[in-house]
1. Accessible surface of residue 136 in the full protein assembly, 1.4 angstrom probe, to the nearest 10 Å²?
2. Net charge near residue 74, counting Lys/Arg +1 and Asp/Glu -1 over other residues with Cβ under 14 Å of its Cβ?
3. Out of residues 5 or more away from residue 62 or on other chains, whose amide H comes under 5 Å of its own, with H placed 1.01 Å from N in the peptide plane?
4. From the Cα gyration tensor of the chain, with a ≥ b ≥ c the square roots of its eigenvalues, which class applies: rounded if a/c is under 1.5, or else prolate if a/b is larger than b/c, or else oblate?
5. With label points built 7 Å along Cα→Cβ from the Cα atoms of residue 28 and residue 47, find their separation and express it in nm.
6. Looking at the chain only, what percent of DSSP beta bridges run antiparallel? Nearest 5 please.
7. Would you mind getting the accessible area per residue of the chain, heavy atoms of the protein chains only, 1.4 Å probe, in Å²?
8. Between segment 141-180 and segment 37-104, how far is it from one alpha carbon centroid to the other, in angstrom?
Amino acid sequence: MAGDPDDDAAEVISMSLGGSADDTYLHEIIKKAYEAGIVIVAAAGNEGASSPSYPAAYPEVIAVGATDINDQVPYWSNRQPEVSAPGVDILSTYPDDTYETLSGTSMATPHVSGVVALIQAAYYLKYGKVLPVGTFDDMSTNTVRGILHLAVDDLGDPGWDIYYGYGIIRADKAIQLALF
């Protein structure tokens, strides 16, 4: 069960996959995980589309866009993410026990998933419970999504914008907000 430290249930699900079709069965599974208190993070997609691909397009999912070393959004990162993270020229492991430098919102997504795990771990260590997931509009420190929205470098238009979402995620700010 999510939030129970004595079992092996996931507190965060990270998905680096996507497509253009809304799949009712997949959405039902995502809703059940969300209702169980599991934070779901997914790659926004690499088509340069005006909105995230599925499953990132579902309201229960945190859609992650990519940025480069100069904090710019590459042309191929789908628009309207919830947050952004480094996703260009990321050193990654490869199936044949080697490393490759890869780019994509699938490279940015683990950054955000890792920050979610850090938020939940820090909060649990201090308060003995995990934070609820929250929603896209949360702007408080009472939910994971609220902390993510506040723990960013807000680039682009102030607040949420179509390129960066709420901004580029900052692990240090997220931990500080989770603990206070």
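1. 70
2. -3
3. 40, 41, 42
4. rounded
5. Roughly 2.5 nm, to one decimal.
6. 40
7. Ligands and nucleic acids excluded, the result is 50 Å² per residue.
8. Cα centroid of segment 141-180 versus Cα centroid of segment 37-104: 16 Å apart.
The values are calculated or read from the model by the stated rules, or taken from the named source; none is laboratory data. Keep in mind it's a predicted model, so treat the numbers as computed, not measured. Please note: Cβ atoms are built from the backbone with ideal geometry, for glycine as well, and neighbour counts cover all protein chains shown. Keep in mind that these areas ignore ligands, DNA and RNA; they rest on the heavy atoms of the full protein, side chains included. Shrake-Rupley method; radii C 1.70, N 1.55, O 1.52, S 1.80 Å.
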